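Beneath this line is the structure, given in structure tokens, with notes to follow.
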Amino acid sequence: MLVRFKEILDQIQKIDRDIEDLRRLRARVPENRTFTDGLLISFDKQINELLNRKISLEELEIEKPSAELVQELFSVDVATSTRIRADRITIPGVAPTAEEEKVVAFLREMPKTEIHLHMEACISRETLCGMLDKNNVPYEPAEIEKLYKFSNLQEFIKLFLFIIDSVKTADDFELIFKNLREYLESNSVYYAEVFLAPSRMVQNGLDFNEIASILDHLSTQCRRDGGPEVKYLFDVSRTFGVENASKNLQRILNARASNIIGIGLGGAELMGPAREFKDVFAQAHAEGLRAVAHAGEDDGPWSVRDAVEILGAERIGHGTSAIQDPSLIELLRTREVPIEICLTSNLFTGKYVREPQDHPVRRYYDEGLICTINTDDPEIFNVTLTDEYFKFYRHLGFSISELIDLNRQGVYSTFHPDPASLWKKAGAQITKLRDKYKL
Ligand SMILES: [Zn+2]
């Protein structure tokens with residue numbers, strides 16, 4: 001078998017990165033927990049499989065590479081390869097063939113819900129610069145471009161905080177909500193649960209009650225105008241510690257805005273272990289708020305388990321590392337905890353998923369987990385919900401019927417008081433659309 005040197009080296013480098021990630025995670029497995037031994041065995045098994053694959057690659061007969069190629073390949077340092085990982089995602093994009101256009105048109109028109117969407121990430125670059133101008137914040141356009149070229153989760157969070165810092169007055173939300181509504185309507189999203197992270201905004205001097213009141217009003221007004229139904233989940237945030245999270249919860253409770261229906265736990269996952277937020281979540285549950293958590297995006301499967309078992313999270317955002325722990329998959333299935341899948345986002349952060357076809361959602365769905373399709377940060381990743389559905393179709397082999405089923409799971413994973421009525425209406429429209437497009 002003759003294989004090109006570069007292809008082999010690329011594959012070996014990818015395996016090396018995966019092994020490095022797994023070893024780093026293995027070192028973080030908490031000690032003396034019921035799942036510790038099982039998880040260590042699972043990691044060792046995965047590492048051994050990769051090592052065996054690497055050995056078999058090294059044994060392949062290869063063409064003799066040119067000296068220049070060798071030079072080029074070995075000059076790629078770790079930082080560069082990390083950057084390639086993030087940049088690369090923009091290259092394949094979503095360019096449907098003529099036949100696939102029909103599928104995309106169907107997916108665009110299909111009524112949908114979205115439940116993992118950050119309002120700050122629905123701020124277009126133009127709106128961002130507009131807000132900076134309006135609020136007299138000096139900036140260099142090149143610096144903004146540089147910020148958008150993040151290569152890891154920490155840098156991404158830096159960008160996110162920059163966007164939040166650009167919100168200076170509560171009336172900026174009228175502009176932000178306009179962006180959000182346009183995004184939702186252009187993707188036929190009729191119901192959305194949207195995250196907003198208020199910590200930094202409050203630190204910047206914005207009045208929490210004013211934000212809550214404006215958002216509450218904008219949501220009600222949008223619904224009255226025949227627009228999508230928008231509910232909010234306020235992010236109590238891991239990044240700023242437990243005390244701040246607790247303060248955010250008190251603010252939400254005091255604001256009494258009916259469209260703010262619950263809390264989320266976002267921010268830097270490695271900095272704020274779920275267990276630290278136990279009391280905050282317990283109080284939120286006791287007060288009748290809904291509660292979700294980002295988990296297993298940047299940390300291992302124990303982070304997902306803790307979010308479910310300790311925090312009582314009703315949904316998990318991302319959950320990509322859950323694939324490493326079969327007993328956790330079983331727990332998520334039996335407890336029927338929906339996973340908010342954000343495929344493109346996971347590719348960008350490049351932590352557990354490097355190719356769309358490698359995303360664990362295919363296995364999650366086949367193994368009976370409740371999965372929903374979401375964008376996370378549409379303006380930052382230049383992605384739409386329609387794109388995300390199409391990526392499932394193209395890269396992960398989801399049929400039209402399966403995509404409709406995922407849509408249905410998305411409806412039943414919302415916190416809407418009567419999801420059956422939502423699905424009855426949407427399901428009937430989808431059947432008509434399917435006829436229209438003969439799919
Ligand atoms: Zn998110």
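What follows draws every value from the coordinates through simple rules; no lab data is involved. This is a predicted model, so every value here is computed, not measured. Virtual Cβ from ideal backbone geometry, glycine too; neighbours counted across all protein chains shown.
Below is a table of values for the structure above.
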| read-out | value |
| --- | --- |
| Positive dipole terminus of the range 98-434, leading residue within Val411, Gly319, Ser303 (C-beta point charges) | Val411 |
| Using θ = phi - 60° and Karplus 6.51 cos²θ - 1.76 cosθ + 1.60, couplings along the range 250-261 (whole Hz; Gly, Pro as x) | 4, 4, 4, 5, 5, 5, 6, 9, 5, 7, 8, 9 |
| Cα centroid separation - the range 371-438 against the range 158-192, whole Å | 22 |
| Computed lengthening from Tyr139 to Leu270, 0.36 nm per intervening residue step minus Cα-Cα distance | 44.1 nm |
| Acute angle (nearest 10 degrees) that the helix 78-87 long axis makes with the longest principal axis of the chain, alpha-carbon atoms | 50 |
| Calculated [θ] (222 nm, deg cm²/dmol) that DSSP helices of n ≥ 4 give over the chain, each run adding -39,500 (n - 2.57) | -17000 deg cm²/dmol |
| Rg(Cα) / (2.2 N^0.38 Å) computed for the range 154-310, rounded to two decimals | 1.03 |
| Gyration tensor (Cα) of the range 302-439, equivalent ellipsoid semi-axes in angstrom | 24, 19, 14 |
| Loop-resident sites, the range 332-373, for GluC sites (Glu not before Pro), counting at most 16 other Cβ within 10 Å (DSSP) | Glu336, Glu367 |
| Lys, Arg +1 and Asp, Glu -1 on Cβ, resulting dipole of the chain about Cα centre, debye, nearest 20 | 800 |
| Protection proxy ranking of 310-318, 156-164 - average other beta-carbon atoms within 10 Å, highest first | 310-318, 156-164 |
| Angle between the chain longest axis and helix 125-134 axis [Cα atoms, degrees, rounded to 10] | 50 |
| Mean separation of Cα contacts under 8 Å (6+ apart) over length of the chain, as relative contact order % | 16 |
| Cross-link reach list, lysines versus Lys231, counting only Cα pairs under 25 Å and skipping chain neighbours closer than eight places | Lys112, Lys168, Lys178, Lys247, Lys278, Lys424, Lys425 |
| Peptides ranked, highest mean first, by Cβ atoms within 10 Å: ranges 183-196, 105-118, 250-263 | 105-118, 183-196, 250-263 |
| Projected-area average for the range 98-434 over all orientations - Cα convex hull basis, square nanometres | 16.1 |
| In sequence order, calculated HN-Hα J values of the range 285-292 (Karplus, 6.51, -1.76, 1.60; Hz; x Gly/Pro) | 4, 4, 8, x, 7, 7, 9, 10 |
| Nearest-ten-degree value, helix 400-412 long axis tilted from longest Cα axis of the chain | 40 |
| Dipole axis of the chain (+1 Lys, Arg; -1 Asp, Glu on Cβ), positive-most option in Gln46, Asn135, Phe234 | Phe234 |
